[in-house]
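All remarks here apply to the structure that follows.
The values are calculated or read from the model by the stated rules, or taken from the named source; none is laboratory data. Bear in mind that the values here come from a model prediction, so they are computed numbers and not experimental data. Here the Cβ positions follow ideal geometry from the backbone for every residue, glycine too, while neighbour counts run over all protein chains shown.
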Protein chains: 2
Amino acid sequence: MIENTIFKALADPTRCAIFEKLAAGSMNASDLRAGMNISQPAMSQHLAVLRGAKLVREERQGRFVNYEVDPDGLALIAGWLAKYRAYWPARVDALKALLKDMDQ
Amino acid sequence: MIENTIFKALADPTRCAIFEKLAAGSMNASDLRAGMNISQPAMSQHLAVLRGAKLVREERQGRFVNYEVDPDGLALIAGWLAKYRAYWPARVDALKALLKDMDQ
DNA sequence: TCGACACATAAGCACGTACTTATGTGATTT
DNA sequence: AAATCACATAAGTACGTGCTTATGTGTCGA
């Protein structure tokens, strides 16, 4: 039930935002904090949860810690979604529209 | 931020199990309860959350309410996942077909 | 129409979670 | 070595969540 850990990690809007920010480009915890009204420990705790869910991974760089998206977590979600593939092809059109909206 | 509602819905292991059971075949709330050690109100509440996340939809049938998987929710997850396609590992064969369908 | 049934809603409670401030740890600079 | 910086951890607190029992709503059969 590792997917459960992932869904729990993404259930928090702040963590979702952090993940999206990292998806746009790797950065350290301080840079991540810029713009988000959140304390340093809070950020550290959120990153720990995302790490536990394999959605994010760290890389020490001097006294900075660089964070980046971990493909493992996304692969797990993709695997979970694939189990229910039988249900969504009927809605391909809706998905296409959604994707188009996201592109612009 | 509708995806957040979905992730929150799937963050609970009991709801995950309910969803999986429904994915194997539509059934009413009572049948769903069979095997799971959970009260009737709890099941009703879980189904309400899954409904709110568009992961499940209902259909009145006499005094029963038949529940089934709602493709809308899955499509939303697929859409969310698609945003991070750049990170998907190339080795995830399970999702290649999914990708192909979304790309066409 | 009355009782039984399937399910939803209300209210209350125990526990989990996200935040805070305070402090610890390790690396860099002077 | 001492100060500083980037980040992690500790501890406490307010709030959310999932459960329970009790009750409400709508449907069916006798």
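A few notes on this one:
- Test for A:E59: is it of a type in the set (D, E) and either closer than 14 Å to B:F7 by Cβ or loosely packed, with under 13 Cβ neighbours inside 10 Å (or both): yes
- Each residue in the range A:22-35 was checked for being assigned to a helix (DSSP H, G or I) and either away from DNA strand D (no atom under 14 Å from the Cβ) or within 11 Å of A:L50 (Cβ to Cβ) (or both), and 3 pass.
- Being surrounded by 13 or more Cβ atoms within 10 Å (Cβ to Cβ), within 25 Å of B:G73 (Cα to Cα), near DNA strand C (Cβ under 9 Å from one of its atoms) and aliphatic (A, V, I, L, M) is a property that A:A53 lacks.
- The requirement of being within 11 Å of DNA strand D (Cβ to nearest atom) and farther than 17 Å from A:I77 by Cβ is satisfied by B:P41.
- Checked against the criterion of being without any contact (Cβ under 8 Å) to a residue 60 or more places away in the chain, more than 13 Å from chain A (Cβ to nearest Cβ) and among the charged types (D, E, K, R), the range B:62-84 has at least one qualifying residue.
- Qualifying positions in the range B:1-15 - more than 10 Å from DNA strand D (Cβ to nearest atom) and either among the β-branched types (V, I, T) or at pLDDT 95 or above (or both): B:I2, B:I6, B:F7
- The set of residues in the range A:36-91 being of a type outside the set (D, E, K, R), outside any helix (DSSP H, G or I) and under 18 Å from the mean Cα position of the chain (by Cα) consists of A:M36, A:I38, A:A53, A:L55, A:V56, A:V65, A:N66, A:Y67, A:V69.
- Pairs where the first residue, in the range B:1-30, is without any contact (Cβ under 8 Å) to a residue 60 or more places away in the chain and within 8 Å of another protein chain (Cβ to nearest Cβ) and the second is part of a strand (DSSP E or B) and aliphatic (A, V, I, L, M), C-beta under 6 Å, 6+ apart: B:A23/B:V69
- When B:I18 is tested against the conditions (1) touching a His at 6+ places or on another chain (Cβ under 7 Å); (2) more than 13 Å from DNA strand C (Cβ to nearest atom); (3) of a type in the set (A, V, I, L, M, F, W, C), the lone failure is (2).
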